[in-house]
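Here the structure is laid out as structure tokens; the discussion comes afterwards.
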Amino acid sequence: MKKIAVFLAEGFEEGEALFTVDVLRRAGFQCDTISINEDMVKGSHGIVVLADKIISDEIKEYDMIVLPGGLPGATNLRDDERVIDLVKYFDKAPEKFVAAICAAPIVLEKAEIIKGRKITSYPSEEYTTLFKDANYVEDIVVVDDHLITSRGPASTLPFAYTLVDALGGDSSLLKQGMLYNMVRESKFE
């Protein structure tokens, strides 16, 4: 069974983290929330979550790491050398995946793994300037080999479904069961 680690740092974007965990677990994968500090982690909107585990070298045994956005969550991930070391480790292993959404590609930039690669992030001039060495794309989800990035809260479901498919799952039944296709076909506004 594939194993995914979704990192939680104080100030993480709750929807991006928890909806991703939900979708990956529905797909039948082992998906653990990993705190970089304490068991209880407070998100950017004041929601407190009990993490499954605390960061350790055990994470190297996982198949994918996921970095949610949110501020200051993404900044806290970026400033943790253990996270940077794990991103570098996963990036060098061709059978492993690194995924980041919203502001979290700042972690990828600090880990120096984006040069010449296709990425996206939360649409901000600050980020597009920061990612000047990458091939910045304004798509909802961007896949560059085993590096997967996405835009922000509204792109969480497409991001999570892309992760399912990248790990060898099939998101089509999940989309149907979660009524995703109905939303895509509706005319909300």
So Lys42, is it touching a Phe, Trp or Tyr at 6+ places or on another chain (Cβ under 7 Å), open to solvent by 60 Å² or more (accessible area, probe 1.4 Å) and at pLDDT 95 or above:
no
Residue satisfying condition, being modelled with pLDDT of 95 or more, surrounded by fewer than 23 Cβ atoms within 10 Å (Cβ to Cβ) and either within 23 Å of Ile34 (Cα to Cα) or in contact with a Ser or Thr (Cβ under 7 Å, 6 or more places away or on another chain) (or both), within set Ala160, Ala93, Ala104, Ala99
Ala93
So Asp165 fits all but one of (1) open to solvent by 20 Å² or more (accessible area, probe 1.4 Å); (2) in a helix (DSSP H, G or I); (3) modelled with pLDDT of 95 or more; (4) touching a Phe, Trp or Tyr at 6+ places or on another chain (Cβ under 9 Å); what number is the exception?
(4)
Kindly provide the set of residues from segment 50-69 that are open to solvent by less than 20 Å² (accessible area, probe 1.4 Å) and over 22 Å from Leu108 (Cα atoms), ordered by number.
Ala51
Condition first: under 19 Å from Thr156 (Cα atoms) and in a loop (DSSP other than H, G, I, E, B). Now tell me which residues in segment 124-145 satisfy that.
Ser124, Val137, Glu138, Asp139, Ile140
Filter segment 124-159 down to the residues that are out of contact with any strand residue (DSSP E or B) (no Cβ under 9 Å at 6 or more places or on another chain) and aliphatic (A, V, I, L, M), then identify the one that is nearest to Phe97 (Cα to Cα).
Leu157
I want to confirm something. Restricting to segment 1-20 and keeping residues that are within 19 Å of Phe97 (Cα to Cα) and open to solvent by 10 Å² or more (accessible area, probe 1.4 Å), which single residue is farthest from the chain's Cα centre (by Cα)?
Met1
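The values are calculated or read from the model by the stated rules, or taken from the named source; none is laboratory data. All figures in this text were calculated on a predicted structure; none of them were measured in a lab. FYI the Cβ positions are ideal-geometry reconstructions off the backbone, even for glycines, and counts take in every protein chain you see. Each accessible area value is taken on the protein alone, full model and side chains, heavy atoms only, with ligands, DNA and RNA left out. Shrake-Rupley method; radii C 1.70, N 1.55, O 1.52, S 1.80 Å.
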